[in-house]
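What follows is one structure encoded as structure tokens, with my remarks underneath.
The values are calculated or read from the model by the stated rules, or taken from the named source; none is laboratory data. Here the structure is a predicted model, which is why all the values come from computation and not from measurement. All Cβ positions, even for glycine, are placed from backbone atoms using ideal geometry, and neighbour counts span all protein chains on display. Accessible surface is based on the protein model in full, side chains and every heavy atom, while ligands, DNA and RNA are left aside. Shrake-Rupley method; radii C 1.70, N 1.55, O 1.52, S 1.80 Å.
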Amino acid sequence: MEQPLYDIAIIGLGPAGSTLARLLPDNLKIIAFDKKNDGEDSFKKPCAGMLSHHGQECFAKYGLTLPDDVLVTQLFSAKVIDLKHDSVRNYRRLYINMDRHRFDLWLKSMIPEYVDIHDSVLCRSLVKTDDCYEITVLENHQEIKYRAKYVIGADGAGSMVRKFLFPEHRIKTYMSIQQWFPARAGDPSYSLVFDGDLTDSYAWGLNKNEYYVFGGAYPMKHAREKFEEMKRRLKAYGYEFDNPVKTEACLVLSPSSLKQLCYGRDNCFLIGEAAGFISPSSLEGISYAIESAYKLGELFNRQKQVSVKDYRKAVFSLRLKLAVKMIKRHFIMGAFLRRVIMLSGLGAISMITAKPEKTGKNGKAE
Ligand SMILES: Cc1cc2nc3c(=O)[nH]c(=O)nc-3n(C[C@H](O)[C@H](O)[C@H](O)COP(=O)(O)OP(=O)(O)OC[C@H]3O[C@@H](n4cnc5c(N)ncnc54)[C@H](O)[C@@H]3O)c2cc1C
């Protein structure tokens, strides 16, 4: 069956796609696809669901208020553990701990009715024809083709749009693995874990409602073994990782140069992590996804024709932020500099606890 020609097709309704779908003007004919749905057994994006200071600023700027059921806790500090040097420090950090799936559904719930949403749909391939893009999807067990003048890749780290239209494009990629454990009284507080032998990125542990979640980003080769080894090494620091209820894994990007960002071409735009908009120093991508969507949404509201050149210009501030994060990454992920910073105690806070905290292999704080 011949499908109508849409003005815009959005592929992916995570933070980037849902934000753009909410902002596009109602004079455009818009279709949006996502493989997840609103049900409990839907695909859920593996994510720590932490909204950093930078993310909170972005929410303030765009006047967004998180609903109650998305909030899990508010965190005020982070424990940094350097396994290689057996050192532990606490730092003041303001994070909002969210239920990531509910967060995604909340953003999706704000999409206006004039956007034609197709969820539980897997977009399989994409080709450019003379005058439009043809998207082949798997919907209700059937293969269907949709056509649109503009296509927006908002489909995250493993972007199908990027793969089909920019097969040669490479962005530094890690395998991220997360496990969920039943929460126990006395689970360690929010932790950031470094071990240069296992990964040049990092791992995290935090409470999420009735679970303790431990996850990390590892080089693609032998990622699972490195994850298991990190858990083993953390046992000496009071961590217990027994009986996981869920193990999840997905790709996470960590662009190492601005050249790795992929904005799109012709009438195709990439937003959010699909474009490589994610902090390489903290792997925080939610605020970048939302900001890049706002920038593109503003352009479509202002002008009839939008070019990739316009979009590139509009996201200049995001490029700048990422350039700073790429430099910061060397301080955080570089073993020597991190060691010096942690040894100096610069910016660290002393935790006051009734009972002495077990903070290192020898149970001693630095
Ligand atoms: C384990 C882990 C922990 C993280 N923790 C944090 C954190 O604490 N804070 C933070 O800010 N960032 C975090 N990030 C990064 C953050 O999750 C992403 O950068 C952010 O979600 C990007 O948003 P997005 O909308 O661009 O893409 P995504 O959130 O990945 O959304 C993409 C959407 O596209 C859909 N989709 C994908 N492919 C298809 C297809 N072929 N057909 C149809 N639909 C498709 C998916 O269902 C999904 O809804 C983490 C990442 C990982 C992997």
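Can Asp38 be described as within 14 Å of the ligand (Cβ to nearest atom) and of a type outside the set (Lys, Arg)?
On the way: within 14 Å of the ligand (Cβ to nearest atom): yes; of a type outside the set (Lys, Arg): yes.
Spelling it out, Asp38 is indeed within 14 Å of the ligand (Cβ to nearest atom) and of a type outside the set (Lys, Arg).
In the stretch 206-216, what residues are buried (at least 19 other Cβ atoms within 10 Å of the Cβ) and free of Cβ contacts under 8 Å to residues at least 40 places away in the same chain?
Tyr212, Phe214 - these are the residues of the stretch 206-216 that are buried (at least 19 other Cβ atoms within 10 Å of the Cβ) and free of Cβ contacts under 8 Å to residues at least 40 places away in the same chain.
Could you tell me how many of the residues in the stretch 250-268 are within 12 Å of the ligand (Cβ to nearest atom) and open to solvent by less than 10 Å² (accessible area, probe 1.4 Å)?
Filtering the stretch 250-268 down to residues within 12 Å of the ligand (Cβ to nearest atom) leaves 250-255.
Of the ones still in play, those that are also open to solvent by less than 10 Å² (accessible area, probe 1.4 Å) are 253-255.
Count: 3.
Go through (1) within 14 Å of the ligand (Cβ to nearest atom); (2) at pLDDT below 95; (3) not aromatic (Phe, Trp, Tyr) one by one and return the number of the condition Glu2 breaks.
(1)
Looking at the stretch 217-238, which of its residues are among the aliphatic types (A, V, I, L, M), surrounded by fewer than 16 Cβ atoms within 10 Å (Cβ to Cβ) and in a helix (DSSP H, G or I)?
So the first thing to find is which residues in the stretch 217-238 are among the aliphatic types (A, V, I, L, M), and the list is 217, 220, 223, 230, 234, 236.
Checking the rest, the ones that are also surrounded by fewer than 16 Cβ atoms within 10 Å (Cβ to Cβ) come to 220, 236.
Within the stretch 217-238, just Ala236 meets the criteria.
Among the residues of the stretch 239-250, is there at least one that is part of a strand (DSSP E or B), of a type outside the set (Ser, Thr, Tyr) and out of contact with any Pro (no Cβ under 9 Å at 6 or more places or on another chain)? Explain how you work it out, then say what you get.
Of the stretch 239-250, the ones part of a strand (DSSP E or B) are 246-250.
Subsequent filtering for residues that are of a type outside the set (Ser, Thr, Tyr) retains 246, 248-250.
Now drop any that are not out of contact with any Pro (no Cβ under 9 Å at 6 or more places or on another chain), which leaves 246.
Looking through the stretch 239-250, at least one residue is part of a strand (DSSP E or B), of a type outside the set (Ser, Thr, Tyr) and out of contact with any Pro (no Cβ under 9 Å at 6 or more places or on another chain).
Which of the residues that make up the stretch 273-318 are part of a helix (DSSP H, G or I), more than 16 Å from the ligand (Cβ to nearest atom) and touching a residue at least 60 places away in the same chain (Cβ under 8 Å)? Talk me through it step by step, then tell me what you get.
So in the stretch 273-318, the residues part of a helix (DSSP H, G or I) come out as 273-275, 286-302, 308-314, 316-318.
Filter again for more than 16 Å from the ligand (Cβ to nearest atom), leaving 298-302, 308-310, 312-314, 316-317.
Of everything in the stretch 273-318, those that are part of a helix (DSSP H, G or I), more than 16 Å from the ligand (Cβ to nearest atom) and touching a residue at least 60 places away in the same chain (Cβ under 8 Å) turn out to be Glu298, Phe300, Asn301.
Name the residue that is surrounded by the fewest Cβ atoms within 10 Å (Cβ to Cβ), counting only residues in the stretch 111-125 that are within 14 Å of the ligand (Cβ to nearest atom) and in contact (Cβ under 8 Å) with a residue 60 or more places away in the chain.
First, the residues of the stretch 111-125 that are within 14 Å of the ligand (Cβ to nearest atom): 111, 117-125.
Cutting the leftovers down to in contact (Cβ under 8 Å) with a residue 60 or more places away in the chain gives us 111, 117-123.
Details: Ile111: 21, Ile117: 18, His118: 17, Asp119: 17, Ser120: 16, Val121: 21, Leu122: 13, Cys123: 24.
Only one residue fits best here, namely Leu122.
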